[in-house]
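Read-outs throughout are calculated quantities, based only on the coordinates presented, and are distinct from any laboratory measurement. Keep in mind it's a predicted model, so treat the numbers as computed, not measured. Here the Cβ is made from the backbone with ideal geometry for all residues, glycine too, and neighbour counts use every protein chain on show.
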C-alpha cells in the first residue's frame, strides 16, 4: 500500500506529476488510512466526548451500536395527558401533553458535557410518536428496540390507533391509490402513514426575546381578544374567530411555561450534582455555570455565546423531538450566533472566551447532534443508511443588504467541523462571489478532508426563489426582497426562509418523493408493473402497440407523472388539514411571530409558500427516453415491441441490442442530442407538470432533485430500463448527476450539461469528485476555487464533493474497526462509511471507481 | 486539408500549460523515443486496444475479421478466449464494432474541424476563471502542420489562449514561422543536448530542434521547456550540466522549465496495442523522486524563475479582459 508521499505521483499523458502534500507530515501516512489521521479535536474534553459518543446510526434499518432502544417516557406521559384532557380544546390538549412530558420525564446529564439536554430518559434511547404513526411504533414493538415494559407500550399504541394521523386521513382516499403509494416504487408512502416531518424552527425569537417575553405577548393577545368579545356592538361574523385564537394563545402560554420549567429542572440537577457529588473543583464550577445558564435561558434573552448555544439546543429538542418529531437541523447558524459570538469573543462583555473557545462549543454541539436518536420508521432508517437522521445547517451567503454574510462565527463552525470529524450535522454553504477568501478557505479545508460537506448552494438562485414564492403568499405577507436573503436549506436540498416568521413548519408543505424511473417503466406497459409488484401501478396510458411516435411515449409518461404527483401532493395537503386540527405545535407557534400575531397554529399559518417534492431517479428515466428516441424513432433500428421483449427478458438473449441502448447518448457529456431531450424532459414534465399544482399555501410545487438513499431502494424495485440498465440495478445516485460511470468527458462537461436545465426547478443535487492527492497538495485550493467560480457563472444550483480514495474504502470494508473516521457523501447527507450496509457501500465504491479508477492510469477521469 | 486522427480530447487538463485547459491529442509522431509513454499517438494510422481480461470468448470478432487475425482458443484454466495475431490486420475495425464487452476499442477518431472546435471551446468559462486555454498536443502536432496552423488560427479567433506541445523537430523553419501569430505558448520537449545520443536513440538530429527553439525565442515567443528525465539516457551529472548551461543562456527569455520524471505507466498500452516487443524500457526502474533535485537547483541558480516537477503551472487570475469577453461570448 502506498503512503501519501508515493501516491502523490500520478501519470498524466506521459508525464509524472508530483503532488506533494501541503502538510509535509502527511507524507508518511498510508493512503488507505488517511482519514483516520485527520481529526484534531480542539481540546482533551471534546476528544473524550467523541470517544464515548453514543452514535445511533442505522444500517439496513438496524441500529449498529448495542443497547440502542426506544424509550417509553414520552409516549407514556403524552398518553396520560391525552386521556386526562378529554373534552378540552385540541390545541390545549397538545400543550398539556407537551407539559406533562417535560414535567415528568427523566433528565439526562452526562460527564464532560457542557451543552445539556436530551429527549429521552436514557442517552441510549430515543422517543416514539404513536400519535403520528402507529405503524412505525408497531414495528418497534416487534423488534429488539421495543420500549419496555412492552405490554404498556403495546397498550399505548393500541390507544392511539383511532386517533392517529393515518386513521384520520385514509378515509378520503381510494384504497387502490393508497395501495400503489405503499409500494414505494413510483411514489413515496403518504406522510400521514410514516410520520416523517421537517421544520425550520424560528430560533431567532427564543434567543432574542426569551420565552417570558413570548408568554407576556400571548397573555396580552388573550386579554385583547377577550376585550374585543365584550365590545359593543357584537359582530358574530368576526367575534367568534377569537375563540380559536384564545385557545391557541393559551396553548402557547402552557407550552412556554413548561419549557422554562424543564430548562430550570436541568439547572437544579446541575447544581445538585455540583454541590453534592462532583469532586473535581473545575467541573464543579462548570456545573454551577450550567445551572446559571439553564436557569436564565430560554426564559430570558441570551447574553453570550454559551447562552445562545444552550438555548438553541433546548429549542431544537422541543421542535424536532419532543413536541413533535421532525427531521433536520435547519438554521442559519453563523448569522444566528454572530451577536453572541461578538459579545463573548470580541467584546468579551459576557461569558468571555477566545475564538478557540467558540470552536470547542461548536465541537460539543456537533457531538450532541451525533448522539441524537430519532424514532423514525424502519423505512426511513433504511433510506438514510449510515446516518442518524438528516441534520443539515446552513452558513455563508449574503445578508439582507446583499453583503457578504460570512463572519468569524462561520469560520468557527467550519473549523470545528474539520477538527472533530463527525458525519452529522452536515453543512450547506451558500456560495456568493462576495464571500471572503478566509471563509472559503475553511470551506475548502472541510471539502478536501473528505467530509462530503459543506455542500454548496448558489446564493442568488436561492434568494430569487424566495422572492418568486413570496408572490403567491395568501396573506400578502411573503418574504420581502431583504428577507429573501434569509434562507437556509430545510433539509438536504430545498431552500426556505429562516427567521422570526415565515419559515416552513411541516413536511406537508415541502418534502416527499416521486420516482420517474419506475414511472417510465410502466409508461411502456399501460401503467402495469410487471417487474416488481405485479399490479396496475398507474392509469392505463396505452399498450405499446398504441404508441406510434416518440411524442406518444412522452405523453404516456406525462400522464403517469401527472397521476402520481397529484396523488402525492393531495395526500400532503390532507395531512395538513388534520395536522392543524389534531397535531398542533403550541411551542413552535409561540416562537413564530406570525402565529403569535394571528393566534394561529404553526401547521395552519402559511405566509411564505415553499412547496417542493423530490423526483428521485430522474436520470434513468431521462436517459431511457433519449435511447428510445434515437434507436426506435430516429434511426428505426429497433421497434418498441422488440424493446419491450428485451426488457421483459432482462436483456437476456438481447445482448447486442443492450449494447446499443447502453451506448446511446447519456446525460452529463455535454452532448447536444441527449441534453436537448433531457432539458425539455426536466423543464416541461418533471418541473413543468409539477408546478401546475397549487398546494395548501397557494404556491406552485417545484421539483427538488436529489437521491437520499432511495436510489438504492427504488433501483431494486425498478425493472430493466431502456438506458441499458438491468432490472434491480441501482438507479442514478443524485438529482441531476449523471448515472454512475456514464459521464465520460470529465467534470467540465458535466457542469455544461447540468447548466442547460434552468427553468422550473427548486433544487437539484450534483455529485462531483475531487482527487485526493491533488486536493491535498498546495495547488488544491486554487484549482477548487477556480472550479467554483465557473460553477457559479454557469448558474448551477448545487454541487457537493467526495474526496475519498477507493483504496481507503476497500480497506475499510476489510477492517471496519480501524476506519471509524472515514466519512463519505451518500447523497444529501454524509455518513460514516463503516455504518453503511455492504450493498450501499458497494454502490458508492462503484460510483467512485468510475471516476477514480483503481489504476493511476485513469487519473484523467478524476473529477473535481 | 487533411485532418489527423484524434486520440483524445482531454477536458480539465492541469499540466499542459497554465490554468484549466483542454488538450487535444493528435495521432502521429516522427520520433520513436524508446521510453515513450503514449505509444498510441506514434502511428498516424488507426489502431485498436485489445484487453483479454474483458474478452468473454463469444467469437463475434473472429466471424467478422476479413484477414483471419483472431481465433478462439481454450486457455489454461479452461476458459475460451480470443487469440490475436495482428500481422495481417487491415485496420478495418470491424472487430471493434462487433465486440459487446469493450474488449476492443479504437485508438484514433475521425473528427471534423467543427466538431473539434465545438468540443474544445465548450469550457471557455473555465479558461477565463483559471487563466487557462487550449493545448494542441500529440504525438507531435507539427507532424500535421497545415491542420495545426488552421486549428490554432480558429481558436485564436475566439480569443482563447493557445499552447502547443512539440519536440520542435521540423527541419524546415517555414513550418514554425506562421504559428507565431496564433500560438501563445510553445511547450518544447527537449530530450537531450548530446547530438550523438539524440540522433541514435530518438532517431532525429538535435540541431534543427535547437535552431527552432532559438528561433522561437528570438521571435519573442513564449517558450516552456519540458525535460523528460529518463534513467540511463539523460540522467547523468553531465546531462544535467548540459541542460543547465544551455538553458541558462536563455534564462530570462524562457517562461519556465518543467521536469518530468520517467515512469512505467506506458507499459500496459504497448501490450494492449500488441506492440510489447517495441517497448525497450521493460523492466527499467523509475528514479527515486529526489534524483532530479540537482537539476532543479541548477536551473533555478541559472536564473530560471519557474521550474516545476511535473508541469503543474497552476491557476492564474483572469488573464485579461479580452479573454473574459471571448469566454462570455462562447457560452452564450
TODO: For chain B, with a Gaussian network of springs between Cα atoms less than 10 Å apart, report the residue from B:277, B:196, B:27 with the top mean-square fluctuation.
DONE: B:277
TODO: Only bridges with both residues in the protein assembly as shown count here: give the DSSP antiparallel percent, nearest 5.
DONE: 45 percent
Task: Additional length obtainable on full extension of the chain from residue A:240 to residue A:782, 0.36 nm per residue less Cα span - done: 188.7 nm
TODO: With a/c under 1.5 counting as rounded, go ahead and sort chain B into rounded, prolate or oblate using the C-alpha gyration tensor (a ≥ b ≥ c being the square roots of the eigenvalues; past the cut-off, prolate if a/b is larger than b/c, else oblate).
DONE: oblate
TODO: Return a whole-number percent for the relative contact order of chain A, with Cα pairs under 8 Å and 6 or more residues apart as the contact set.
DONE: 16 percent
Task: Computed label-point distance, nm, for sites residue A:652 and residue A:212 using a 7 Å Cα→Cβ extension - done: 7.5 nm
Open item on the list: What whole-number distance in Å separates the alpha-carbon centres of the stretch A:174-219 and the stretch A:548-583?
Closed with: 20 Å
Open item on the list: Using all alpha carbons of the protein assembly as shown, what is the percent of pairwise distances in each 10 Å bin, ordered from the shortest bin to the longest?
Closed with: 2, 9, 17, 21, 19, 14, 9, 6, 2, 1, 0, 0
- [ ] Mind giving me the FRET efficiency for residue B:71 and residue A:40? R0 is 51 Å, r the Cβ-Cβ distance, nearest 0.05 is fine.
- [x] 0.25
Open item on the list: How would the stretch A:195-333 be classified by its alpha-carbon gyration tensor: rounded, prolate or oblate, with rounded meaning a/c under 1.5 and the a/b versus b/c comparison settling the rest?
Closed with: prolate
TODO: Show me A:500-509, A:451-460, A:240-249, A:377-386 ranked by packing, highest mean number of other Cβ atoms within 10 Å first.
DONE: A:500-509, A:451-460, A:377-386, A:240-249
Open item on the list: Over the stretch B:4-55, what portion of Cα pair distances is larger than 19 Å, expressed as a whole percent?
Closed with: 44 percent
Task: Gap separating the Cα centres of the stretch A:407-467 and the stretch B:79-120, nearest whole Å - done: 45 Å
Task: Exercise: per-residue mean of other protein chain Cβ atoms within 10 Å, B:95-103 - done: 1
TODO: Calculate, for residue A:122 and residue A:229, the FRET efficiency according to 1/(1 + (r/R0)^6) with r their C-beta to C-beta distance and R0 41 Å; round to the nearest 0.05.
DONE: 0.30
TODO: In a Gaussian network model over chain B where Cα atoms closer than 10 Å are linked, find which of B:261, B:212, B:172 has the largest mean-square fluctuation.
DONE: B:172
- [ ] Could you tell me what % of all Cα pairs in the stretch A:300-345 have separations over 18 Å?
- [x] 33 percent
TODO: In square nanometres and to one decimal, what's the mean projected area of the convex hull around the Cα atoms of the stretch A:509-770?
DONE: 15.3 nm²
- [ ] Within 10 Å of each Cβ in peptide B:123-136, how many partner chain Cβ atoms are there on average? Round it to a whole number, please.
- [x] 4
TODO: Give me the angle, in degrees from 0 to 90, between the Cα long axis of helix B:145-157 and the longest principal axis of the Cα atoms of chain B, rounded to the nearest 10.
DONE: 60 degrees
Open item on the list: Which order do the peptides A:225-234, B:56-65 come out in when sorted by mean C-beta neighbours inside 10 angstrom, highest first?
Closed with: B:56-65, A:225-234
- [ ] Name the most mobile residue of B:133, B:283, B:19, meaning the one with the largest mean-square fluctuation, in a Gaussian network model of chain B with Cα contacts below 10 Å.
- [x] B:283
Open item on the list: Let me make sure I get this right: for the stretch A:715-821, a, b and c are the square roots of the gyration tensor eigenvalues over alpha carbons, sorted descending. Under 1.5 in a/c it's rounded, otherwise prolate if a/b > b/c, else oblate. Which is it?
Closed with: oblate
Open item on the list: As an exercise, find the ratio Rg/Rh for the stretch B:47-107 from alpha-carbon atoms, using the Kirkwood inverse-distance average for Rh.
Closed with: 0.93
TODO: Just report the Cα centroid separation between the stretch A:786-813 and the stretch A:639-702, whole Å.
DONE: 25 Å
- [ ] Count, for each residue of B:11-24, the Cβ atoms from other chains sitting within 10 Å of its Cβ, then give me the mean as a whole number.
- [x] 4
Open item on the list: Sequence gap at least 6, Cα distance under 8 Å: using those rules, report the relative contact order of the stretch A:614-751 to the nearest whole percent.
Closed with: 37 percent
Task: residue B:290/residue A:810 FRET efficiency (R0 35 Å; Cβ-Cβ; nearest 0.05) - done: 0.70
TODO: Normalising by the residue count of the stretch B:28-149, find the relative contact order in percent from Cα pairs under 8 Å and 6+ residues apart.
DONE: 30 percent
Task: Sequence of A:807, A:347 once ranked by neighbouring C-beta atoms within 10 Å, starting from the fewest - done: A:347, A:807
